[in-house]
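Everything on this sheet refers to the single structure shown next.
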Amino acid sequence: MGNGRASQWGGAKRTITQLLGLPEGDGLPTQEERNRLWDLYAGVSGKAGLSEEQKASLLHSHASFRAMFARVPDSTRVTELVAAAWLGIATRTLALGLKAAYEGNPPTPWRTRLSSLLVDPSPKQAALQNAGFRWSFVRDVLPKKLKRQVDRAEERRERLLEDHTKKVRQSKYPGPVAERIPFMVDGKGAVFHAFGQAHVGAEAFIRLCREGARMVSLSPLEALSRPWRDPVARTAWEGPVRHALRVAIVAAEGDIGVGAAVTEQLLLEDRLPPASGERGFNPL
């Protein structure tokens, strides 16, 4: 999914283990411990109260992803992927929205128009240069220009979260070990982190995108089969995914055992002679 759409966990705050729907125990934090972690995360300025490992186990909601950009300077230049991710829409949706909003009549490519559009605050600079969008333009102008697209994306995130939660609750198997979610990867396919892992700040995210990082849909299992450039981010996924697989194997073995037992019973019944009430009566 190299398109910049915001994290699939919508407005919910959750950890990786919660996303996978894992049961408590086997070294995993309890729900109470998870809640305390989130309270601590929300209560400290600059997230200084948590270790990198703790932060890596947390997944940003879209609101918390946007919030980490609060201190980005106005003059910072950001790529289309950063702008789209912050807005919560696909990069294609961003491009189409800008085309509709800025091409005008007679038609002029939106990139050309934005390269000559000076935006506040002082000193005024072009909304778009080779280095990317001016951050103040993304933050202050685009949410209004692309309100319809942003609102639709928000509704879609909530549906995705609802569908995912329902799927996890209805299944005895942890999920989504095989469900695809967005990961940030480099040009060679090496993984940086899952999009939204909370140990990655705004500055680091902007820098990675400027250096050519892409967003790709992978299952956690697929992601772990690749090389990673961020060992802390990988460790945060490795433990829960291993545990999810162990739980799934136990559940599968139970199902296979039940299936074997009822199969044996069915074959036994097929080999039995007809019931006594159906036999011919011979008094001799």
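The values are calculated or read from the model by the stated rules, or taken from the named source; none is laboratory data. All values reported here derive from a predicted model rather than from experimental measurement. Neighbour counts run over all protein chains shown; Cβ positions are idealised from the backbone, glycine included. Accessible surface areas use protein heavy atoms only, side chains included; no ligands, DNA or RNA. Shrake-Rupley method; radii C 1.70, N 1.55, O 1.52, S 1.80 Å.
Things worth noting here:
- For the stretch 163-244, the normalised intensity computed at q = 0.16, 0.19, 0.22, 0.25 Å⁻¹ comes to -0.62, -0.83, -1.04, -1.24 (log10 of I(q)/I(0), Debye sum over alpha carbons, equal scatterers, no solvent).
- A viscosity of 1.306 mPa s and a temperature of 10 °C, combined with the Kirkwood radius over C-alpha pairs in the Stokes-Einstein formula, give the stretch 33-141 a diffusion coefficient of 100 µm²/s.
- Positive-end ranking of Pro273, Ser64, Gly259 along the dipole of the chain, with charges on Cβ about the Cα centre, is headed by Ser64.
- Area accessible to solvent at Asp186, 1.4 Å probe radius, in Å²: 20 Å²
- Cα-centred dipole magnitude for the stretch 174-235, charges only on beta-carbon of K, R (+1) and D, E (-1), debye, nearest 20: 140 debye
- Efficiency of FRET from Cβ geometry, Leu40 and Ile249, R₀ 25 Å, rounded to 0.05: 0.15
- Three principal axis extents describe the C-alpha atoms of the chain; from largest down they are 113, 49, 34 Å.
- Value of relative contact order over the chain, rounded to a whole percent, pairs C-alpha under 8 Å and six or more apart: 25 percent
- Within the stretch 106-200, the proportion of Cα pairs with more than 17 Å between them is 71 percent.
- Kirkwood radius and radius of gyration were both taken over the C-alpha atoms of the stretch 141-284, and their ratio Rg/Rh is 1.32.
- From the C-alpha gyration tensor of the stretch 70-121, square roots of 5λ in Å: 21, 16, 8
- Reduced Cα scattering model of the stretch 129-174, Debye log10 I(q)/I(0), q = 0.27, 0.31 Å⁻¹: -0.93, -1.00
- Extreme residue, positive dipole direction of the chain, given options Val168, Leu20, Gln149 (C-beta unit charges): Gln149
- Accessible surface of Thr112 - all protein chains present, 1.4 Å probe, nearest 10 Å²: 70 Å²
- Length available on full extension from Glu162 to Arg226: 0.36 nm per residue minus the Cα-Cα distance, which gives 20.1 nm.
- Result for the chain in a Gaussian network model with C-alpha springs under 10 Å: among Leu94, Leu266, Leu19, the largest mean-square fluctuation is at Leu266.
- Share of Cα-Cα pairs in the stretch 214-266 lying beyond 15 Å, as whole percent: 61 percent
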